Amino acid sequence: MKPTPTFQRTALLVALSLIAIAMGVFTGSLGWEWGMDWHDPIVQDIRLPRTVGAWLAGALLGLAGALAQGLFRNPLADPYLLGSASGASLGVAVALSVGIWGGSNFAEMSDAMQWSLRLGLTGMAFVGAWLAVLLTLLLAKGVEHTLRLLLAGVVVGVVLGALTSLLTLVSPQILPAMQSFLLGNTSMLGSQSCVLMLMVLLLCALLSWLFSPLLDGLRLGETTARSLGLRVVPLRILLLAVMGLATATAVAQTGLIAFVGLVAPHLVKARFAGRSASLLVLSSLMGGVLLTTADVLARGMWAPQELPVGVLTGVLGGSYLLWRIHAAQNEASSV
């Protein structure tokens with residue numbers, strides 16, 4: 001029996017994920033170091049959790065990006081569209097300024113303290129992201145008008161970003177942590193981060209899979225979706241909550257990673273056109289591959305100097321989108 005295209009692409013992305021994770025394990029402070037012992041404490045305690053964590057964060061962003069593009073029927077939609085990234089940043093800034101971290105060295109904390117910190121930052125990031133989404137919905141007066149919703153998201157993002165900058169100015173002690181957060185960084189990822197992101201990813205993937213028929217219906221228009229018996233408004237709100245949770249969890253652990261949530265669905269759609277449930281899974285896998293590969297390059301290209309992974313994804317993702325725009329213009333002019 002011949003494998004289906006969905007199975008073939010899923011198997012390919014799983015294989016690429018394993019290759020990227022293996023490369024991450026063999027990438028250290030001195031660059032690529034082949035032949036490392038998998039039982040080495042450096043591998044087990046630092047490199048492997050960091051690499052797996054990067055994959056999980058990328059998978060969360062890829063899933064959130066596919067949800068955003070499906071909900072708004074806009075190929076330029078990304079997980080940060082409704083101000084969720086700015087809200088998450090403000091939540092983390094508030095958490096740091098009121099002393100959740102307490103200025104302690106993270107590596108010297110006990111496991112219980114590390115768990116408390118990660119849950120506290122993730123919780124504040126989620127609260128900030130979801131409040132930003134709620135504020136966007138309030139300004140847009142619901143989810144019925146897509147254009148008004150997108151414009152409200154832009155406004156909310158700018159305002160909350162300004163508040164984050166103001167809070168950083170008032171509390172300069174949080175500036176180093178916030179700088180690393182805003183540039184995107186995977187160096188703080190550990191086993192606790194992996195467990196937390198894995199649980200959130202499984203929950204978000206399950207909910208997205210169950211309610212993916214809404215995305216299929218929205219491809220045909222909201223009127224058609226309602227005629228098919230889909231409860232568009234409550235299901236859209238639920239999927240927005242899922243998108244906010246996935247985005248906030250990834251942002252809380254790695255900071256602001258640019259373009260992964262936007263590019264991953266594009267790469268999938270360029271090769272595959274199927275049901276939304278399959279697109280969500282493939283976009284999540286693609287996001288994991290992209291962020292893990294970018295993290296490996298950020299660590300190994302200029303070793304021992306390490307680049308912020310968010311900067312690298314921004315450069316590569318922006319270059320890819322410029323190339324796609326140029327290619328689309330050439331196709332349009334040749335017709």
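The values are calculated or read from the model by the stated rules, or taken from the named source; none is laboratory data. All values reported here derive from a predicted model rather than from experimental measurement. Don't worry about glycine lacking a Cβ; one is built from the backbone with ideal geometry, like all the others, and counts go over all protein chains shown. Protein only, heavy atoms only, side chains kept; ligands, DNA and RNA dropped before computing areas. Shrake-Rupley method; radii C 1.70, N 1.55, O 1.52, S 1.80 Å.
What to note about this one:
- In region 67-84, the residue that is nearest to Trp130 (Cα to Cα) out of those that are touching a Gly at 6+ places or on another chain (Cβ under 8 Å) and open to solvent by less than 10 Å² (accessible area, probe 1.4 Å) is Ser84.
- Selection of region 222-275 for residues being outside any helix (DSSP H, G or I) and farther than 25 Å from Leu307 by Cβ yields Leu228, Gly229, Leu230, Arg231, Phe272, Ala273, Gly274, Arg275.
Yes/no matrix, rows are residues, columns are (1) among the aliphatic types (A, V, I, L, M); (2) within 17 Å of Arg50 (Cβ to Cβ); (3) at pLDDT 85 or above; (4) in contact with a strand residue (DSSP E or B) (Cβ under 8 Å, 6 or more places away or on another chain):
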| residue | (1), (2), (3), (4) |
| --- | --- |
| Met197 | yes, yes, yes, no |
| Leu218 | yes, no, no, no |
| Ala225 | yes, no, no, no |
| Val268 | yes, no, yes, no |
| Gly288 | no, yes, yes, no |
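- Qualifying residue in region 125-138 (condition: outside any helix (DSSP H, G or I) and modelled with pLDDT under 90): no
- Sole residue being crowded, with 22+ Cβ neighbours inside 10 Å and either under 23 Å from Met124 (Cβ atoms) or in contact (Cβ under 8 Å) with a residue 24 or more places away in the chain (or both), chosen from Leu207, Leu215, Leu202, Leu235: Leu215
- Sole exception among (1) surrounded by fewer than 24 Cβ atoms within 10 Å (Cβ to Cβ); (2) in a helix (DSSP H, G or I) for Val289, by number: (1)
- Here the condition is being modelled with pLDDT of 90 or more, under 25 Å from Leu322 (Cα atoms) and within 23 Å of the chain's Cα centre (by Cα); of Ala85, Ala15, Ala77, Ala66, it holds for Ala66 alone.
- Complete set of residues in region 1-17 that are without any contact (Cβ under 8 Å) to a residue 60 or more places away in the chain and either surrounded by 13 or more Cβ atoms within 10 Å (Cβ to Cβ) or touching a Cys at 6+ places or on another chain (Cβ under 8 Å) (or both): Leu12
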